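Participant: There's a structure below that I have some questions on.
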Amino acid sequence: MITVNSNKINTLNQISYNKLINSIYINQIICSCGHSGYLIKHAYYTRSVKISGGIKLSLSILRVKCSICGKTHAVLPSILVPYSQVLLQDHISIIINDSYQMTQTPVMNNNPLIDESSIAYIVR
């Protein structure tokens, strides 16, 4: 995974993701093999994200490939958590609520797609 700082994204959608991707210089990113300047756009995959208001958003996520080692990497904005459909801000709220033994009801009210099972997974 390659994480890109996404502080400029107010609302996550395909347009804001595309703007973020177009604003970075992929050839300056360092691959996990240590080489920079060898990443090329490779493919896209669809990822579902649960955003506030109970909306399930489908995003086309860019994958890049290193022409030296052949590894591929997804390019994710920092508001997305790898391998999770729940946004980082919701992860943080869930963890804080759990650490203070507070109810998770506000998180579930803000995003009805986040249920007790999702919360238990995040806490684990």
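Participant: Quick one: which helices (runs of 4 or more DSSP H) lie wholly within region 1-115 and hold at least 3 residues that are open to solvent by 40 Å² or more (accessible area, probe 1.4 Å) and of a type in the set (A, V, I, L, M, F, W, C)?
Facilitator: Per the criteria, 88-99.
Participant: Something else now. So in region 1-15, with the set limited to residues that are of a type in the set (S, T, N, Q) and free of Cβ contacts under 8 Å to residues at least 40 places away in the same chain, which one is nearest to Ile51 (Cα to Cα)?
Facilitator: Restricting to residues being of a type in the set (S, T, N, Q) and free of Cβ contacts under 8 Å to residues at least 40 places away in the same chain, the top hit is Thr11.
Participant: Let me ask something additional. Might you check whether a residue that is within 21 Å of Tyr44 (Cβ to Cβ) and at pLDDT 95 or above occurs anywhere in region 87-106? Talk me through it step by step, then tell me what you get.
Facilitator: Of the residues in region 87-106, the ones within 21 Å of Tyr44 (Cβ to Cβ) are 87.
Those still in the list that are at pLDDT 95 or above too: 87.
Yes: one or more hits.
Participant: Same structure again: Inside region 54-91, can you point out the residues that are within 11 Å of the chain's Cα centre (by Cα) and of a type in the set (Gly, Ala, Ser)?
Facilitator: If the condition is that a residue be within 11 Å of the chain's Cα centre (by Cα) and of a type in the set (Gly, Ala, Ser), then Ala74, Ser78, Ser84 are the ones that fit.
The values are calculated or read from the model by the stated rules, or taken from the named source; none is laboratory data. Given the structure is predicted, the values throughout are model-derived calculations rather than measurements. Cβ atoms come from the backbone with ideal geometry, glycine included; neighbour counts cover every protein chain shown. Just the protein is used for accessible areas: all its heavy atoms, side chains included, with ligands, DNA and RNA removed. Shrake-Rupley method; radii C 1.70, N 1.55, O 1.52, S 1.80 Å.
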